[in-house]
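The values are calculated or read from the model by the stated rules, or taken from the named source; none is laboratory data. Because the structure is a prediction, the values reported are computed rather than measured. Virtual Cβ from ideal backbone geometry, glycine too; neighbours counted across all protein chains shown.
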Amino acid sequence: MPPPVFRFAPSPNGYLHLGHAFSALLNFDMARASGGQFLLRIEDIDATRCRPEFEAAIYEDLEWLGISWETPVRRQSDHFSDFREAVEKLSGRDLIYPAFESRAEIARLVAERESVAPWPRDPDGAPLYPGAAKSFSAPARRQLIGQGLPYALRLDMAAAMAQAPDLTWIEHGEGPAGETGIVAARPEDWGDVILARKETPTSYHLSVVIDDALQGVTCVVRGQDLFWATSVHRLLQSLLDSPQPVYRHHRLVLDGTGQKLSKSTRATALRELRGQGATPAHIRRLVGLA
């Protein structure tokens, strides 16, 4: 049986904080204890927020923590062709459609609907897509695209679930309500999620599935805030004939108010703590690792 493969996949849109340190150290420790591989992936599809100095700081912080990784590092922005290929495959099965509403227009549509009755929201609290773009004819879609309008490529959730029903995943950690073991996926809770945009040929949901498959990741260890996003990932894995990793969703490192740490909170940034005299052993203690 081949050794397990773990990964840590930060976005270079800010400096790493204690929550990142916990996840990276946990993945690294598990890989080392099992004789497996530890991979580092840079998730930099957001060109407006990701910056080279943040990527350089990721390498510096991880090395300071005593973490080493396989090379070369996979940078998502270097592999857009892999994501385009997946989009084309799903589009060829009529599982994707373009939606042309702006964020402001979507907010207006949701407000109109909520003036009559509550509008459903996804597990992260965002309203489900309220538009009618799925009903547009193919000529109408081509005309709007030809006009140069921005658009998002959305997954037709109902059609996708008809092709991949009764999905589950193996959970070795714990969900927000204690879910563990074999967990039933509920991708329908997310509605018609965005898989790509006109200017960016992928999204988090799509790229993480493609990258994990291409890198041979067998153990996905990440925070509980991504627990229910696994439902969408299992659906995409099934549609794209990708292997299914096992999952471990770990506790989150919270701030003094009980909120999830943010990259905007300088007090928790590893570089700030290092500048105050913290050591790697101190960071381990702060995040609850021996």
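A few notes on this one:
Conditions (1) basic (Lys, Arg); (2) over 21 Å from residue 133 (Cα atoms), marked per residue:
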| position | (1), (2) |
| --- | --- |
| 51 | yes, yes |
| 56 | no, yes |
| 65 | no, yes |
| 76 | no, yes |
| 82 | no, yes |
| 87 | no, no |
| 101 | no, no |
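- One residue alone among 267, 196 is modelled with pLDDT under 95 and small (Gly, Ala, Ser), and that residue is 267.
- Residues in region 158-192 that are farther than 21 Å from residue 221 by Cβ and either in contact with a Pro (Cβ under 8 Å, 6 or more places away or on another chain) or among the polar types (S, T, N, Q) (or both): 160, 161, 163, 189, 190, 191.
- Residue satisfying condition, being farther than 27 Å from residue 270 by Cβ, under 16 Å from the mean Cα position of the chain (by Cα) and either buried (at least 20 other Cβ atoms within 10 Å of the Cβ) or not β-branched (Val, Ile, Thr) (or both), within set 100, 8, 83: 83
- Residue match in region 104-118 (condition: part of a helix (DSSP H, G or I) and under 21 Å from residue 269 (Cβ atoms)): no
- Members of region 48-68 that are surrounded by fewer than 20 Cβ atoms within 10 Å (Cβ to Cβ), in contact (Cβ under 8 Å) with a residue 40 or more places away in the chain and either among the aromatic types (Phe, Trp, Tyr) or under 21 Å from residue 214 (Cβ atoms) (or both): 54, 55, 64
- Of all residues in region 182-217, those being closer than 14 Å to residue 81 by Cα, in a loop (DSSP other than H, G, I, E, B) and within 16 Å of the chain's Cα centre (by Cα) number 4.
- Positions within region 208-250 being of a type in the set (S, T, N, Q) and either under 19 Å from residue 69 (Cβ atoms) or out of contact with any helix residue (DSSP H, G or I) (no Cβ under 7 Å at 6 or more places or on another chain) (or both), in sequence order: 215, 218, 224, 230, 238
- The single condition among (1) in a loop (DSSP other than H, G, I, E, B); (2) closer than 24 Å to residue 239 by Cβ that residue 89 does not meet is (1).
- Residue list for region 195-217, restricted to those being farther than 25 Å from residue 145 by Cβ and either aromatic (Phe, Trp, Tyr) or surrounded by fewer than 20 Cβ atoms within 10 Å (Cβ to Cβ) (or both): 213, 214, 215, 216
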